[in-house]
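Below is one structure; the comments refer to it alone.
The values are calculated or read from the model by the stated rules, or taken from the named source; none is laboratory data. These figures come from a predicted structure and were not determined experimentally. Reconstructed Cβ throughout: ideal geometry from the backbone, glycine too, with neighbour counts over all protein chains shown. Heavy atoms of the whole protein, side chains included, go into the accessibility calculation; ligands, DNA and RNA do not. Shrake-Rupley method; radii C 1.70, N 1.55, O 1.52, S 1.80 Å.
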Amino acid sequence: MVRDKPLLVVGHKNPDTDSICSAICYARYKRSVAGERAIACRAGSINRQTRHALATFGADDPQLLADVLPRLSDIMIAREALYLLHSDQPLCEAYRIMTDNRFSFLPVVDESGRCTGKVTALGIASLLSRLDEPEVEPEKANLAAFTRLCGADLPPGLPESAVGRIFVDAEGRTMMKPQGCEAFPVPVGPAQAAANLMLSLPIGGFLEPPGPTFFATTPIRDIEHTINRSNEGGFIVTDEGGTIVGVVTRMNFMTDSRFRLVLVDHNEFSQSVEGIEYASVEEIIDHHRIGLQRTNEPITVINRVVGSTCTIVASMYEQSGTDLDASTAGLLLSGLLSDTVILNSPTTTATDRAAALRLAQTAGVSLEAYGRELFAAGSEVESLGPEAILGQDRKLYGEKGRRFSVSQIEMVGFEAFWNRRGDLGAALEAFRLGQDLYLAALMVTDITTSTTLLLLSAPRAFRDRIAYPEPADGVYEMRGVLSRKKQVLPFLLELL
Ligand SMILES: [Mn+2]
């Protein structure tokens, strides 16, 4: 496990107030109580209700997590830690850097930072094993590099580079004869001198093609197949403009690059941030039905039948003996009141009521008044288009061989809904037909009267089976109904 990575705490997609506030507060808990480098994250945009809670209790937006797919940039050896070669450098410099750092290859770049090829340890080894074969075109060797390799000083007056030749003179000395200059002796044997001469040639003559090249932003999973089928020891990584930003070796692919996650307010991967199956989920704090994936390692799962995830986080603070600050208490209260519709939802438990009272006191707000304020601030109906209202909190289901959707909005009073009923009905119908769903429903829940108006787009035969009063065509009045998962969903499944 990669302990140096931060622990990301994130709720479900289309985050509601409970998801955002439990992520913020549990990240605070992990930092202050467990000493973890925890970061609160979100898997989507912040709705108006949550925005009000964050503003009221002074919290920053959690960091947006578009996905948790490890990318090449997460595992590569970055440019700063890398030696980039130029084609006019002598081969011995590449050789030394590779042996000192145990690199199997080094990229060669031009002036603009583009990769023109690479030098590999294998390539140099095979050159040195074929010194007798005069297949290498005569090239100008770097004379300073050559004499240095031979452990001698460069005689004065010689050019920087020249085509050279090794021979043994009459006295048995190993001699180097640069073209157009006097021969000079070197203090090594002829075979070593020949090898040194080879290593003094410019890299440019021995470039191998760069091989498969990838962008740093590419998710690792997208190139695994290509990597596995390639016999290259390493790969060049560039930015979108083609400038080299690093390399990856096969060893780098073995490092654990997974993001470390805590899931709050959900446990089903289908509701989670993109790429969750490539992350390391270390904890789950939730209050929904269990839809867990099999895991490779033991993980902490806390799932309790309470009205909100914030209730669970509040009890963890309490058990740890840590005093809550007003901001954290206010945020936890917001998530709790939001999910339980100000303690009116049938999902509300005695634990939630007790926690809400304590949290309101610590936060210094009136539970009822703040709850109404939160829902009034979150009412989307005046400000959003019909598609946005339907999409804000929509869940898709596939049960009993039918696919259907249930959206929900909470309101203070129904007036704004009746003003927009035509728009919303048309948008609901269009969504159902566009998605080829059996039915599409919108729960419009008035939290002041605990009544839901169910706006329904469904086949006639299905609608005929509904026994609730129908004050307007396709609008059903469900008194005492607040909960999608506990009331409306079972009701619809029964009719199906
Ligand atoms: Mn929740």
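Key figures for this structure:
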{"item": "Strands (runs of 3 or more DSSP E) wholly inside segment 397-496 containing at least 1 residues that are buried (at least 21 other Cβ atoms within 10 Å of the Cβ) and among the polar types (S, T, N, Q)", "result": "402-411, 439-446, 451-457"}
{"item": "Hits in segment 51-65 - residues which are buried (at least 17 other Cβ atoms within 10 Å of the Cβ) and under 23 Å from the mean Cα position of the chain (by Cα)", "result": "Ala59, Pro62, Leu65"}
{"item": "Flag for Arg394 being touching a strand residue (DSSP E or B) at 6+ places or on another chain (Cβ under 8 Å), crowded, with 16+ Cβ neighbours inside 10 Å and assigned by TED's automatic domain parsing to the domain that holds Ser483", "result": "yes"}
{"item": "Among (1) farther than 25 Å from Ala360 by Cα; (2) within 16 Å of the ligand (Cβ to nearest atom); (3) buried (at least 19 other Cβ atoms within 10 Å of the Cβ) - the single one Ile20 does not satisfy", "result": "(1)"}
{"item": "Pairs with Cβ under 8 Å, 6+ apart, first in segment 70-81 and small (Gly, Ala, Ser), second not in a strand (DSSP E or B)", "result": "Ser73/Ala216; Ser73/Thr217"}
{"item": "Complete set of residues in segment 262-314 that are among the β-branched types (Val, Ile, Thr), open to solvent by 50 Å² or more (accessible area, probe 1.4 Å) and touching a His at 6+ places or on another chain (Cβ under 9 Å)", "result": "Val305"}
{"item": "Selection from segment 178-196 of residues that are more than 60 Å from the chain's Cα centre (by Cα) and open to solvent by less than 70 Å² (accessible area, probe 1.4 Å)", "result": "Cys181, Ala183, Phe184, Pro185"}
{"item": "Among the residues listed as Tyr83, Tyr95, Tyr29, the single one being more than 16 Å from the ligand (Cβ to nearest atom), open to solvent by 20 Å² or more (accessible area, probe 1.4 Å), in a loop (DSSP other than H, G, I, E, B) and not acidic (Asp, Glu)", "result": "Tyr83"}
